[in-house]
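So the structure is just underneath, and the comments pick up after that.
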Amino acid sequence: MAPTHVTIGLSIAAVMSSVAPFGLAPVVGGLVGSIVPDLDLFVGNHRRTLHFPVLGWLPALVASVVAWIVPSLITVCLAVGAVAFALHAVVDIAGAGEELRPWERTNPLAVYCHACGRWFRARYWVRYDGAPEDLGLTLAFALPVLWVYDGWIVLVAIAAVVVGAVYAVVRRRVPEYIASASE
């Protein structure tokens with residue numbers, strides 16, 4: 001779902017940019033906020049360490065109010081980033097659990113809720129990362145970006161769609177590739 005997260009972050013930035021021009025601030029915020037939660041793939045426990053489906057909305061709300069009251073490049077960047085960060089975990093809940101073959105539904109745990117002290121279950125509205133509906137979301141969220149921006153920002157959105165499309169084609173073969181690579 002990484003390409004989907006990127007286009008969602010850019011789409012939030014596009015909405016902000018269509019309301020008021022703040023240069024690249026919303027774009028930087030949207031990109032960083034949408035990617036940062038998945039850094040827990042490398043440090044900590046994925047979908048637990050940096051995913052906050054409930055608590056993430058508190059800083060998003062505060063940052064958004066501050067940006068509303070004192071609009072500046074920094075406050076807008078932080079607000080868009082915080083909203084993209086919080087939304088990341090919610091989007092992961094809409095998908096599958098964290099597993100190599102999510103279409104088998106052997107691990108229904110989607111995202112850990114620090115506020116609740118338990119895991120939220122996967123909803124499977126998007127059956128798995130790389131499913132056709134995941135690619136559809138990536139494309140749908142890229143459209144506002146194509147409408148509002150030009151230049152390299154559009155190229156990032158297009159690249160996300162292309163990566164999402166390639167991933168959708170090979171996703172169900174990924175477990176085989178991992179197994180053969182580890183031999």
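The angle between the Cα long axis of helix 73-94 and the longest principal axis of the Cα atoms of the chain comes to about 30 degrees, rounded to the nearest 10.
Semi-axis lengths, largest first, of the ellipsoid equivalent to the chain are 29, 21, 12 Å, with √(5λ) applied to each eigenvalue of the Cα gyration tensor.
The angle separating the long axis of helix 132-148 from the principal Cα axis of greatest extent in the chain is about 20 degrees.
Qualifying chymotrypsin sites (Phe, Trp or Tyr not before Pro) in the range 20-127, where qualification requires a DSSP coil assignment and no more than 14 other C-beta atoms within 10 Å, comprise 42, 125.
Only Cα sites of the range 85-175 enter the Debye sum here, all with the same form factor; the resulting log10 I(q)/I(0) across q = 0.11, 0.17, 0.21 1/Å is -0.37, -0.79, -1.02, listed in q order.
Near residue 111, the amide H atoms lying under 5 Å from its own belong to 120; only residues 5 or more places off or on other chains count, and H is placed 1.01 Å from N. A dipole drawn for the range 2-181 from +1 and -1 charges on Cβ atoms has a positive end, and of 95, 122, 80 the residue lying farthest that way is 122. Taking the Cα centre of the chain as origin and assigning +1 to Lys and Arg Cβ atoms and -1 to Asp and Glu Cβ atoms, the resulting dipole is close to 360 debye.
The fewest-to-most ranking of 32, 111 by surrounding Cβ atoms within 10 Å reads 32, 111.
Each value in this text was obtained by applying a stated rule to the coordinates, not by laboratory testing. All values reported here derive from a predicted model rather than from experimental measurement. Heads up, the Cβs are rebuilt from the backbone with ideal geometry, glycines too, and the neighbour counts pull from every protein chain shown.
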